[in-house]
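> So that we are looking at the same thing, I have put the structure below in structure tokens.
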Amino acid sequence: MRLVWQLAWRYLKGKRSANAVPILSRISMFAIAVGAAAMIILFSIFNGFEGIVKDLYKAFYPEIKITAAKGKFFALSEEQYKNVQSVEGVSVVSRVMEDNVLLKSYTGERQVATIKGVDANYFKVNDVASYMSDGICNVATDPVKTAVVGSQLATQLGLDVTNVFSSMEAYYPNPKAKGITLSPQDAFRKLRLRPEGAFSVQDEFDSKYIIADLGLVQELIQAKDMYSSLELKLLTDDAASVQEVLQELLGSAYLVQTRYEQNQTIYMVMRAEKWAVYGILLLVLVIAAFNMVGALSMLVLEKQKDIAILKAMGATSGQASSIFVTEGVLWSLVGGGSGLLIGALLCIGQKQFGWIKLGGTFIIDAYPVQLLLTDFLVILATIITIGVLAAWFPAIRAARVQAISLRTE
């Protein structure tokens, strides 16, 4: 095998000949380099966007969320709450009451929204505070009942967090109303709130959510000691193992979900897009492989005398074939390695200096990038496989040419 590698390396660095083999080999390596560079750059961009989306979702989607398997609300005893807190790997537990309400601002604007009643631990579990665009991240009951509202929702309702007279009323159907009544006071329960702050995460949240005190929301919904979910922050990255323990502890009456399971659709879409791009760029490498087949076939014809001499010295057909398979792998590695290096340097430069900007108004100015070792390994495995497959036919042809050449001699 040492001789095989030495000969393959010699052919790679071989002197210029009168035919087109050196030109075709350089073209093949260049095409593979372009494909590999494009792959690592696009993979890194997808990784960057995925990281940003995950960070945004941390504002409203906890690492573990516990909900009722049936129905919107569930009762939770103090003993059950303490049992959840005591599970190894759990850092903070927050109790949440969430449902839809009709909001009416002091200006008369109306909007359907989702109100979240939260306890004191909520802002330790979810990173809403990092996305405050105005005011402060605080919900209180005394001396004024306050709330934190999405920036788009605040705009739609005409709310101003800097105006102490700005307020809104949340209306919820009165579950205890008897019969049909025409009186709004009897048909709906009302909660008056002053906006203390506004958050700006993304449209999905900014136009939908309002966050208030848990006790106030429970009183509005008339569901004392009831919750819609428990939201957990973990001490470990292994959310699956904590999920398994919690599910066993709480039983089938509860649904325990990781952050990935809460947003399974969007994560699957992002990954599908990434691998769709991989498939498209793989076609570029396959086209380069056809060029490599032609170049290696011409190399076999050029080296017939060398093959005949090796055969006469005792080399087997398999060893001769291995030379050209190795040659194909070397072409792929040189081209692919160069492309990966160039692509990685471009990604590092983009991350440091933000050369390519995003148009429009976004939370970031430039395209985000994130290099992952797994991407490098996948691309290297791909180009090596392509190199082996591209060299397979010329290698078989080389073995046959040897036998014919020896008989001719």
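The values are calculated or read from the model by the stated rules, or taken from the named source; none is laboratory data. Computed from a predicted model, the values in this text were never measured in an experiment. A quick note on method: Cβ atoms are made from the backbone with ideal geometry, for glycine too, and the neighbour counts reach across all protein chains shown.
> Which of the residues that make up region 229-240 are surrounded by fewer than 23 Cβ atoms within 10 Å (Cβ to Cβ) and more than 21 Å from the chain's Cα centre (by Cα)?
Ser229, Leu235, listed by residue number.
> Check off (1) assigned by TED's automatic domain parsing to the domain that holds Ala366; (2) without any contact (Cβ under 8 Å) to a residue 40 or more places away in the chain; (3) not acidic (Asp, Glu) for Ala38 and give me the number that stays unchecked.
If we test Ala38 against (1) assigned by TED's automatic domain parsing to the domain that holds Ala366; (2) without any contact (Cβ under 8 Å) to a residue 40 or more places away in the chain; (3) not acidic (Asp, Glu), just (2) comes out false.
> Ok, one more. Regarding Leu220, is this residue assigned by TED's automatic domain parsing to the domain that holds Glu79, crowded, with 16+ Cβ neighbours inside 10 Å, farther than 23 Å from Lys54 by Cα and over 30 Å from the mean Cα position of the chain (by Cα)?
yes
> I'm told Lys357 meets every condition in (1) without any contact (Cβ under 8 Å) to a residue 24 or more places away in the chain; (2) surrounded by 13 or more Cβ atoms within 10 Å (Cβ to Cβ) except one. Can you identify the failing condition by its number?
For Lys357, the exception is condition (2).
> Just to verify a result, which residue in region 90-140, among those that are of a type in the set (Gly, Ala, Ser) and assigned to a strand (DSSP E or B), is farthest from Tyr172 (Cα to Cα)?
Ser91
Here's the yes/no breakdown for (1) among the hydrophobic types (A, V, I, L, M, F, W, C); (2) over 20 Å from Lys58 (Cβ atoms):
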| position | (1), (2) |
| --- | --- |
| Tyr81 | no, yes |
| Val96 | yes, no |
| Val101 | yes, yes |
| Ser105 | no, yes |
| Ala113 | yes, yes |
| Phe123 | yes, no |
| Tyr131 | no, no |
| Ile136 | yes, no |
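> Hey, any hits in region 240-253 for a residue that's closer than 24 Å to Asp55 by Cβ, in contact with a Gly (Cβ under 9 Å, 6 or more places away or on another chain) and not β-branched (Val, Ile, Thr)?
yes
> Can you report the number of residues in region 237-271 which are at pLDDT below 90 and among the aliphatic types (A, V, I, L, M)?
Total satisfying the criteria: 4.
> Something else now. Could you check region 235-257 and list, in sequence order, the residues that are closer than 24 Å to Ala75 by Cβ and hydroxyl-bearing (Ser, Thr, Tyr)?
Within region 235-257, Ser252, Tyr254 qualify.
> If you don't mind, another one. Take region 59-83 and flag every residue that is assigned to a helix (DSSP H, G or I) and of a type in the set (Lys, Arg).
Lys82
> If Ser44 passes every condition in (1) without any contact (Cβ under 8 Å) to a residue 60 or more places away in the chain; (2) among the polar types (S, T, N, Q); (3) farther than 18 Å from Ala212 by Cα but one, which one does it miss?
That leaves (1) as the condition not met.
> Further question: In region 40-58, is there at least one residue being part of a loop (DSSP other than H, G, I, E, B) and either closer than 29 Å to Leu281 by Cα or modelled with pLDDT under 95 (or both)?
yes
> Could you tell me whether any residue of region 310-331 is farther than 20 Å from Arg10 by Cβ, under 40 Å from the mean Cα position of the chain (by Cα) and surrounded by 18 or more Cβ atoms within 10 Å (Cβ to Cβ)?
No, region 310-331 contains no residue that is farther than 20 Å from Arg10 by Cβ, under 40 Å from the mean Cα position of the chain (by Cα) and surrounded by 18 or more Cβ atoms within 10 Å (Cβ to Cβ).
> If I filter region 172-221 down to residues being among the acidic types (Asp, Glu) and under 21 Å from Asp119 (Cβ atoms), which single residue comes out as modelled with the highest pLDDT?
Selected residue: Asp213.
> If you don't mind, there's one more thing I want to ask. Filter region 316-336 down to the residues that are in contact (Cβ under 8 Å) with a residue 60 or more places away in the chain and either polar (S, T, N, Q) or closer than 24 Å to Leu371 by Cα (or both) and list them by number.
Of everything in region 316-336, those that are in contact (Cβ under 8 Å) with a residue 60 or more places away in the chain and either polar (S, T, N, Q) or closer than 24 Å to Leu371 by Cα (or both) turn out to be Ser317, Gln319, Ser321, Ser322, Thr326, Ser332, Val334, Gly335, Gly336.
> Looking at Gly354, Gly339, Gly359, which is the one that is in the same structural domain as Leu12 (by TED's automatic domain parsing) and within 23 Å of Leu283 (Cα to Cα)?
After applying the criteria, what remains is Gly339.
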